[in-house]
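A short write-up of the structure that comes next.
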Amino acid sequence: MLLTVFVLAIFVGVEIITKIPPTLHTPLMSGSNAISGITLIGALLTLEQGATTTAKVLGVLAIAFATMNVVGGFLVTHRMLSMFRKRK
Amino acid sequence: MNPAWTDLAYLVAAVLFILGLKGLTHPRTAVRGNLYGALGMLVAVIVTLIGPEFGWGLIIAGLAVGTIAGLVLAIKIEMTAMPELVALFNGFGGIASTLVAGAFLAGSDGPSDVDTPTLAATALSGLIGTVTFSGSLIAFGKLRELKALKNIRFPGQQALNAVLAILCVGLAVWMTFDAANSILAYWLMVPLALVLGVFLVVSIGGADMPVVIALLNSYSGLAAAMTGFVLGNNVLITAGSLVGASGLILTQIMCKAMNRSLAAVLFGTLQSTGSSDSADDIYANVKSTSADEVAMLLEDAQRVVIVPGYGMAVAQAQHAVRDLATRLTALGCEIEFGIHPVAGRMPGHMNVLLAEADIPYELLKEMDDINPTMDQADVAIVLGANDTVNPVARTDPQSAIAGMPIIDVDKARTVVVIKRSLSPGFAGIPNPLFAADNALMLFGDGKAAIVDITKALEDS
């Protein structure tokens, strides 16, 4: 089941991104990079009650890194895109 | 919360990610797309935090540190340094996946309870995440032009990489099939994967960085997807594989733009081939020019094409370029920008910089659109671009960049090359364009040169 989701999602990804104008290469990369910070969800789950100390230490580090990826990634993408939008 | 509701909310998040990426592929919907992505993330985080009992203190601490650091980095960064920042964030996503996989192993009731497919996913999550992390840090360093990281190559490098890769995979297989020792195998693999990531990227030349960054982007998505397999979580798998796919497509686009195979990029086969003509011979007839002379040329020009490269980024010359373009337009000159797909250090780098300087994107022409009309340009101004305008790519099949599509500035009536010196670009090969009959060299800092030209135009 999980494997099905994986393969289907890859197909969806390929389908929606095949024709992208060069103007948007950088924002797409930085935006998709922010989405890869989804691993934050995994990081949060490691701190469910009952986690061992090692798991807690690793988990909290993972949360910090993933959050940086997410928050920074979306914000930087927004900064870039707002430059594209300004004129027109 | 009821697991069914949680799953439903994760599904909503996944749909938002898909809409987000789809939005990012069109200029008009891009801002909304990015917001959808961020909203999807918010939904996923909130849903995850509802229900189970957590160690809240640690979660809040982690979120706070990450948020503050992310905000500071994203707000403070100069647009010219965007490639470095994206590389860095990529790496953070990768290491997070490694840490989550490690935490999973440490936190389970005993690794022997974990089934084989999950262990395999844990191994992959750690391996890909770690390679992404150290590779991205090296890419970051290279983009920062750290001298220590320049062109590190040594004999046997490929063999060393192969050995490291085999060891990593071996440890991954071991931990997959020997649950009892999986923690040990995992933490033996991680440092090796760190080293592997370093060596994989350190030998890749700067000109190939757009490809590397796109590829690492893809890896960070795959690592997240693998973490999804570890935790049996659909939203991680969906989002991760979307990113993996998008990164892969960008990688492919970049490779095509350079007429190079992915393998050639990864194994660093772009080397100067010790061309038979020495740089001194090629550059025997270089004509240098002055800002005043260029201004005179531009005054009479009907159509001017500006071709920017990384030099423009380094000199932060995009605003000066905008002023020059405005001035020329006011003089009745038609002005366009020819953008090579791999100009700069990241896909689309030039577009971002020119947009930052408020240059309308209708003026930005892709290589395939500008080339057929290049012979109708009175003046082509090459600003800090090098390999992407080197006619050797067309003329010399032996050259390291043979067959790479270039912007045909040499076909313009006059080419003005603004550059600090005659030094070669990242490909390390001399550029005969600089000595062509119709070429003039304007030596100096990109920004200062453009400002001088604009000033000369205004004075006349």
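A few comments on the model shown:
- With respect to chain B, whose longest principal axis is taken over its alpha-carbon atoms, helix B:318-330 is tilted by about 40°.
- Dipole of region B:1-138, positive end: most advanced residue of B:44, B:30, B:135 [Cβ charges, Cα centre]: B:30
- With the helix formula -39500 (n - 2.57) applied to DSSP H stretches of n ≥ 4, chain B reaches a computed 222 nm mean residue ellipticity of -19500 deg cm²/dmol.
- Per residue, the convex hull spanned by the alpha carbons of region B:308-374 comes to 80 Å³.
- As a size descriptor, the averaged projected area of the C-alpha convex hull of chain A was calculated at 7.7 nm².
- Summary of the geometry: region B:195-222 and region B:134-164, compared by the centres of their Cα atoms, lie 9 Å apart.
- By the count of neighbouring beta-carbon atoms within 10 Å, fewest first, B:220, B:136, B:290 end up ordered B:290, B:136, B:220.
- On the principal axes of its alpha-carbon atoms, region B:362-413 has extents of 35, 22, 22 Å, going from largest to smallest.
- Quotient of Cα Rg and 2.2 N^0.38 Å for region B:302-460, N being how many residues it contains: 0.95
- A Cβ-based charge dipole, computed about the Cα centre of region B:1-88 with Lys and Arg at +1 and Asp and Glu at -1, lands at about 320 debye.
- Residue pairs, from the table A:19/B:147; B:76/B:455; B:411/B:447; B:419/B:455, whose Cα atoms sit over 29 Å apart: A:19/B:147; B:76/B:455
- Measure of compaction for region B:1-87 (Cα Rg per 2.2 N^0.38 Å): 1.33
- Normalising by residue count, region B:296-335 has a Cα convex hull of 63 Å³ per residue.
- About its Cα centre, the dipole of chain B is roughly 740 debye, where the only charges are +1 on Lys and Arg Cβ and -1 on Asp and Glu Cβ.
- Across region B:393-460, the volume of the C-alpha convex hull divided among the residues equals 105 Å³ per residue.
- Over region B:42-85, equivalent-ellipsoid semi-axes from the Cα gyration tensor in Å: 30, 12, 6
- Over region B:178-329, equivalent-ellipsoid semi-axes from the Cα gyration tensor in Å: 46, 23, 13
- Measure of compaction for chain B (Cα Rg per 2.2 N^0.38 Å): 1.11
- Using θ = phi - 60° and Karplus 6.51 cos²θ - 1.76 cosθ + 1.60, couplings along region B:71-79 (whole Hz; Gly, Pro as x): 4, 4, 4, 5, 7, 7, 5, 6, 4
- On Cα atoms only, tilt of B:82-107 relative to the major axis of chain B in degrees: 10
- Calculated diffusion of region B:140-238, Stokes-Einstein form, Kirkwood radius summed over Cα pairs, 4 °C and 1.567 mPa s, µm²/s: 84
- Residue with peak Gaussian network fluctuation, chain A [Cα springs, cutoff 10 Å], from A:43, A:64, A:34: A:64
- Relative contact order computed over chain B (Cα-Cα under 8 Å; 6+ residues apart), in percent: 14
- Isotropically averaged projected area of the protein assembly as shown, using the convex hull of Cα atoms (one quarter of hull area), nm²: 24.3
- Computed log₁₀ I(q)/I(0) - Debye formula, equal Cα scatterers, no solvent, region B:57-191, q 0.18 Å⁻¹: -1.05
Only the coordinates and a few stated rules stand behind these numbers; no lab work does. This one's a predicted model, so the numbers in the text were calculated from it and none came from an experiment. Counting neighbours? That spans all protein chains shown, and the Cβs are built from the backbone with ideal geometry, glycine included.
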